[in-house]
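Q: Before we start, here is the structure in question, set down as structure tokens.
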Amino acid sequence: MFDPQVYAARRAALIRKLAERGARGGLVVFPGNHEAPMNYPDNTYRFRQDSSFLYFFGLAEPDLAATLDLDSGAATLYCGELSQDDLVWTGPRPNRAERARLCAADAHADTDRLASDLAAATTAGRPILYLPPYRADTRAELASLLGLPLEAVNGKASMDLIRAAIALREIKDSGEVAQIELAVDRSIAMHKAVIRAARPGVTEADLMALAYREALAGGGMPSFPPIATTRGDVLHNHGYGHTLESGGLFLLDAGAETGSGYAGDLTSTFPVDARYNERQRAVYEIVLAAGRAASSLIRPGVPYRDAHLAAAGVIARGLADLGILKGNPDDAVARGAHALFFPHGVGHQMGLDVHDCEALGELNVGYAEGETKSAQFGLKSLRMAKPVKPGMVLTVEPGVYFIGGLIAAWKTEGRFADCIDYEEAERWVGFGGVRNEEDWLVTESGARKLGGDFDKSIEAMESLRA
Ligand SMILES: [Mn+2]
């Protein structure tokens, strides 16, 4: 956790942001997350606190809630007192007053009081604002607390509160940047351990275990279930059953989370053999160049869509050089033909969530107010398009993939037949995919790559593999 005053200052800033948006007083309620059972009540998934609760209150324990009074500015923490049973099963933990002190709450009360306090506010005609729940139990809790039908809860979430929370969370202060950089450094350790250990005969699960080992030994957990795969062309491949074979590629998309909840997110692609072969080298260089084109455009005021399109342009020109695309590569990008090989966006914001603030709506986070998302294949997967600001943290992660099923489907449809040499593309099916991902901080004048030394050039990667 940060110093208690950090949370008080964030809440004061939230009140100011809401006032700027014309919100007329009331009470904000922040339900914390509960334990989530896997297969019976006492066998739970790893507990993860809600990121907005973490941002405004910092406490990472289950069964908490809080309110922020927009008229008085007072924050109240709701939690149960520790019982003798808690002493047996979970050991000594901070009591309610101590937890209230840790997050600089002005008052604290038993969890049971939340319902009556909200009812009193409702009776007094005060608005109650909340962020959209993404868990079924939180939705049910809000429905019960606010007397709403379950299916009405998300629709009544406060758009002013969503916008205000995003405006604060997306600009990272120096304490947050230090936490994110720590997460990126641990992510680099995960990647280097895997890059050094990979060889023919090792399984994806072996390498996955190494990635987990580094994250845990660093004091946290992976920030999302890692992708550790010999089949980089399956973008979210969460099976770990393959064995690495000579001639193939290995793709690791993995990051660490710090104890305070900040994420790193990196992707590396390297050959199972000690060196990249000619084809792997060609595609890898295209992907690195695409990343350089995108990151060189990161500076305040530039829409992140421009960085995406710059990466797409480099990929299209590279694929044209390989004879896979035909005609003018810029036309291919404008029409979306290149997306057969680069079907996702160039990156997303990162912070307390690896896709930061996406619980508040992908469009709300990544697009300017009133802006809509393109429906074009490829661009529809661009999570972040709006102009960037100093203090934002962004991933840059272009990739090139040869997705056999998609190539076959487009060929059958005759899609962009003037742009794509399908016979040449088919010769690449089975190659897999290459993605390179870095984490960048937007500064006043440009951008800075986060984390310590991690040279992704072919020479540096091959020397790690040697
Ligand atoms: Mn990412």
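Values in this text are rule-based calculations from the coordinates and carry no lab data. In this text the structure is predicted, and so the values were computed from the model without any measurement. For neighbour counting, all protein chains shown are included, and Cβ atoms are generated from backbone atoms with ideal geometry for every residue, glycine included.
Q: Can you compute 3J(HN,Hα) from phi for each residue in region 4-17, using the Karplus curve 6.51 cos²θ - 1.76 cosθ + 1.60 with θ = phi - 60°, rounded to whole Hz and x for Gly and Pro?
A: Values, residue by residue: x, 5, 4, 6, 4, 5, 5, 5, 5, 5, 5, 4, 5, 4 Hz.
Q: What number, in percent, do you get for the relative contact order of the chain if the mean sequence gap of Cα pairs under 8 Å and at least 6 apart is divided by its residue count?
A: Rounded, it is 14 percent for the chain.
Q: Students often forget the sequence filter, so: which lysines lie under 18 Å Cα-Cα from Lys456 once same-chain residues fewer than 8 apart are removed?
A: Filter leaves Lys192.
Q: Putting +1 on Lys and Arg Cβ atoms and -1 on Asp and Glu Cβ atoms, find which of Ala105, Thr90, Phe56 reaches farthest to the positive end of the dipole of region 4-169.
A: Of the listed residues, the answer is Phe56.
Q: Could I ask something else about it? With charges set only on the Cβ (+1 for Lys and Arg, -1 for Asp and Glu), what does the dipole of the chain come to about its Cα centre, in debye to the nearest 20?
A: Dipole size: approximately 700 debye.
Q: Non-local amide H neighbours of His108 (under 5 Å, H modeled in plane, Pro and chain starts lacking H): which ones?
A: Close amide H contacts, sequence-distant or interchain: Leu77.
Q: Let me ask something else about it. Could you calculate the contour length gain from Arg213 to Glu369, that is, 0.36 nm times the residue separation minus the distance between their Cα atoms, to one decimal place in nm?
A: Value of the extension gain: 52.0 nm.
Q: Restrict the search to region 364-428; then list the GluC sites (Glu not before Pro) that DSSP places in a loop and that have at most 13 other Cβ atoms within 10 Å of their Cβ.
A: Glu369, Glu371
Q: Same structure, new question: In debye, nearest 20, what is the charge dipole magnitude of region 266-327 about its Cα centre with +1 on Lys and Arg Cβ and -1 on Asp and Glu Cβ, if you could check?
A: 120 debye
Q: Give me the distance between the Cα centres of region 255-296 and region 172-228, rounded to whole Å.
A: That distance is 14 Å.
Q: To continue, here is another question. Search the structure for amide H atoms under 5 Å from the amide H of Ala74, placed 1.01 Å from N in the peptide plane, and list their residues when 5 or more places away or on another chain.
A: Amide H neighbours of Ala74, under 5 Å, 5+ apart: Asp69.
Q: Moving on to the next point. Please identify the trypsin sites (Lys or Arg not before Pro) of region 272-381 that satisfy two criteria: DSSP loop assignment and at most 16 other Cβ atoms within 10 Å. Which are they?
A: Arg275, Lys373
Q: Now, a different point. Can you give the angle from 0 to 90° between the axis of helix 159-169 and the longest principal axis of the chain, with both taken from C-alpha atoms, to the nearest 10?
A: The answer is roughly 70 degrees.
Q: Roughly speaking, what is the stretch gain from Glu362 to Phe47, that is 0.36 nm per residue apart minus the C-alpha to C-alpha distance, in nm to one decimal?
A: Between Glu362 and Phe47, full extension yields 111.1 nm more.
Q: When a footprinting reagent is the concern and you count Cβ atoms within 10 Å, what order do Tyr45, Tyr240, Tyr401, Tyr304 take, fewest first?
A: Tyr45, Tyr240, Tyr401, Tyr304
Q: How do the peptides 450-458, 252-260, 351-359 rank, highest first, by the average count of neighbouring beta carbon atoms within 10 Å per residue?
A: Ranked from most to least packed, the peptides come out as 252-260, 351-359, 450-458.
Q: Another question about this same structure. Using +1 at the Cβ of each Lys and Arg and -1 at the Cβ of each Asp and Glu in the chain, identify which of Phe47, Gly399, Ser463 lies farthest towards the dipole's positive end.
A: Value computed over the given set: Gly399.
Q: Tell me which chymotrypsin sites (Phe, Trp or Tyr not before Pro) from region 248-281 have a DSSP coil assignment and no more than 16 other beta carbons within 10 Å of their own.
A: none
Q: What list of ³J(HN,Hα) couplings, whole Hz, do you get for region 115-132 from phi and the Karplus terms 6.51, -1.76, 1.60, once you set θ to phi - 60° and write x for glycine and proline?
A: In residue order, the calculated couplings are 4, 6, 5, 5, 4, 5, 5, 4, 4, 7, x, 8, x, 10, 9, 8, 8, x Hz.
Q: List every residue whose amide H lies under 5 Å from the amide H of Leu249, counting only residues 5 or more places away in sequence or on a different chain, with H placed 1.01 Å from N in the peptide plane.
A: So Leu249 has HN proximity to Val272.
Q: Let me ask something additional. Add +1 for every Lys or Arg and -1 for every Asp or Glu among the other residues with Cβ under 13 Å from the Cβ of Ala167, and state the total.
A: That works out to +4.
Q: What are the ³J(HN,Hα) values, in whole Hz, obtained from phi via the Karplus relation 6.51 cos²θ - 1.76 cosθ + 1.60 with θ = phi - 60°, for each residue of region 392-402 in sequence order, with x given for Gly and Pro?
A: 6, 10, 10, 8, 10, 9, x, x, 10, 10, 10
Q: Distance cut-off 23 Å, Cα to Cα: go down the list Lys17/Lys172; Lys326/Lys411; Lys156/Lys389; Lys373/Lys411; Lys17/Lys449 and report the pairs above it.
A: Distance filter (> 23 Å) returns Lys156/Lys389; Lys373/Lys411; Lys17/Lys449.
Q: Which shape class, rounded, prolate or oblate, goes with region 174-465 when its Cα gyration tensor gives a ≥ b ≥ c as root eigenvalues, a/c under 1.5 marks rounded, and past that a/b bigger than b/c marks prolate?
A: Verdict is oblate for region 174-465.
Q: Sort 336-343, 11-18 by the packing proxy (mean of other Cβ within 10 Å over each peptide's residues), most packed first.
A: Going from most to least packed, we get 336-343, 11-18.
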